[in-house]
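Undergrad: Could you have a look at this structure, given as structure tokens, before my questions?
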Amino acid sequence: MEKYYDNGTALWGLKCGKRRITEPLFVEVFDIRGEWAAVRFEDKNTGVVNDRGEVLKRFLKLEQMEFTDQDFVRLRSMGKELLMDMRSLLLYSYMPERRFYGEFELLFIGGWMYTRTKQGYGVQEKPGNKPRLYMDGLYLTLPLDEVSMTGHLENYDEDEKWLARLEKWVSHLMGSACLLAGDDAQVYWLYRRMKDRTIVVIDNDLRFYHVTGTKDADGRLKAVKRLLAQADDRTEREEMERTLQPIADEIDARVAEEERKRAVEEEKKRVERLETLKAAEPFQMGIKWGLKLDGRIVVPPLYRTVRTPVGRYCAVEKNPRQWGIMEVDGKMVVEPKYEEVELYEDGTAELTVFKGKKIRMKIASD
């Protein structure tokens, strides 16, 4: 974007290449940076215009405007200076401190923290209630309070009514404001965390979204919002929960299946490892016994007695005349409560219960 001068009107306009973005409208163009231009209008007031010709912000008769690094514009008038964040259009008396949480950027100034979303959100810093990243950077939670929520909506005419509607859905004990990866529109309001760690959020218009994640072509995590429902003054929590229940059921079933598969895979790996541990041998440390393999401790010395393994099983005595059976990786399969234990190569064991009474049981799985 660049400026051009019109001799007929003695005014400046903005263009991109040969294409005019605006007609000659400006007495002065202070500065241009990327998609923004700082200008003075014919009425001597000032403002910022984007590369579509839209006026993003108007000011009174400033003396000077100039863009700085990190997408700020410096405003000077009557010897005083302010800074405006071009992303949120929030004003600051001096340059805030920038802090990054993964891909999320927050501004800190005067004990407050501010987002750089198009609808900026500011909240006071509180001990023990700091921004927190979740789901490998899918979302960042921020403290939530009534003052900050209504301040976030400074352009709304009915803040109090809006807040009353939102409070119906957002718990001040559990609720949080949150930023979503790759979404700079606004802060959202956390409604629920699902079993798979995805979330349901609410936007400013009381639309409910299920938020999952995907990666773009550059490998960056981006939030994906799926619209679930929109609340109004008549919507009750029970009705919303009925809307969410099928999604929760689907997630619960998927998580349960993933956990089952993970458990099966972990058990398979454990059984494979047991085969490598069959050659482990008892060793003594102090008065306790454990198992070693090639000089490496496999089972710590925790027992009064440990016998030589038979296959992948081993008889152990925890206390006098309290025998049990463990696998050679230390997993107990028969609790130590028998007077005696005898193991056999066919995968069975003989347990002495009391007064010589014995029972035979199969311990090896097929």
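The values are calculated or read from the model by the stated rules, or taken from the named source; none is laboratory data. In this text the structure is predicted, and so the values were computed from the model without any measurement. Every residue, glycine as well, gets a Cβ built from its backbone with ideal geometry; the counts of neighbours run over all protein chains shown.
Undergrad: Would you check which residues across segment 176-192 are assigned to a loop (DSSP other than H, G, I, E, B) and either farther than 17 Å from M113 by Cβ or modelled with pLDDT of 90 or more (or both) and list them?
TA: Listed by number, the residues that qualify are A181, G182, D183, D184, A185, Q186, V187.
Undergrad: Any residue that is over 18 Å from L133 (Cα atoms), surrounded by 12 or more Cβ atoms within 10 Å (Cβ to Cβ) and of a type in the set (S, T, N, Q) - is there at least one of those in segment 214-227?
TA: Checked segment 214-227: no residue is over 18 Å from L133 (Cα atoms), surrounded by 12 or more Cβ atoms within 10 Å (Cβ to Cβ) and of a type in the set (S, T, N, Q).
Undergrad: Sticking with this one: Is it the case that segment 183-192 has a residue that's crowded, with 17+ Cβ neighbours inside 10 Å, out of contact with any strand residue (DSSP E or B) (no Cβ under 6 Å at 6 or more places or on another chain) and either closer than 16 Å to Y139 by Cβ or not assigned by TED's automatic domain parsing to the domain that holds G137 (or both)?
TA: So far as segment 183-192 goes, yes, one or more of its residues are crowded, with 17+ Cβ neighbours inside 10 Å, out of contact with any strand residue (DSSP E or B) (no Cβ under 6 Å at 6 or more places or on another chain) and either closer than 16 Å to Y139 by Cβ or not assigned by TED's automatic domain parsing to the domain that holds G137 (or both).
Undergrad: Hey, another quick one. Taking E250 as meeting all but one of (1) assigned to a helix (DSSP H, G or I); (2) among the acidic types (D, E); (3) more than 27 Å from the chain's Cα centre (by Cα), write down the number of the exception.
TA: Unmet for E250, out of (1) assigned to a helix (DSSP H, G or I); (2) among the acidic types (D, E); (3) more than 27 Å from the chain's Cα centre (by Cα): (3).
Undergrad: Please go through segment 72-111 and give me each residue that is more than 23 Å from the chain's Cα centre (by Cα), surrounded by fewer than 16 Cβ atoms within 10 Å (Cβ to Cβ) and under 17 Å from Q186 (Cβ atoms), ordered by number.
TA: L89
Undergrad: Does any residue in segment 182-205 that is more than 28 Å from A217 (Cβ to Cβ) and in contact (Cβ under 8 Å) with a residue 24 or more places away in the chain come within less than 8 Å, Cβ to Cβ, of a residue that is part of a strand (DSSP E or B) and of a type in the set (D, E) six or more places away or on a different chain, and which pairs are these?
TA: none
Undergrad: Could you grab me the full set of residues in segment 33-57 that are touching a residue at least 12 places away in the same chain (Cβ under 8 Å) and more than 36 Å from the chain's Cα centre (by Cα)?
TA: A38, V39, R40, F41, E42, K44, N45, T46, G47, G53
Undergrad: Residue under question is D157, and the condition is that it be over 20 Å from the mean Cα position of the chain (by Cα) and either modelled with pLDDT of 95 or more or in a loop (DSSP other than H, G, I, E, B) (or both); does it hold?
TA: Here the answer is yes, as D157 does meet what is asked.
Undergrad: Mind checking which residues of segment 313-336 are surrounded by fewer than 19 Cβ atoms within 10 Å (Cβ to Cβ) and farther than 15 Å from K288 by Cβ?
TA: R321, D329, K331, M332, V333, V334, E335
Undergrad: Another question about this same structure. Check whether at least one residue in segment 359-366 is touching a helix residue (DSSP H, G or I) at 6+ places or on another chain (Cβ under 9 Å), without any contact (Cβ under 8 Å) to a residue 24 or more places away in the chain, in a loop (DSSP other than H, G, I, E, B) and not acidic (D, E), and report yes or no.
TA: yes
Undergrad: Select from segment 193-202 the residues that are crowded, with 17+ Cβ neighbours inside 10 Å and either outside any strand (DSSP E or B) or not hydrophobic (A, V, I, L, M, F, W, C) (or both) and list them in ascending order.
TA: M194, T198, listed by residue number.
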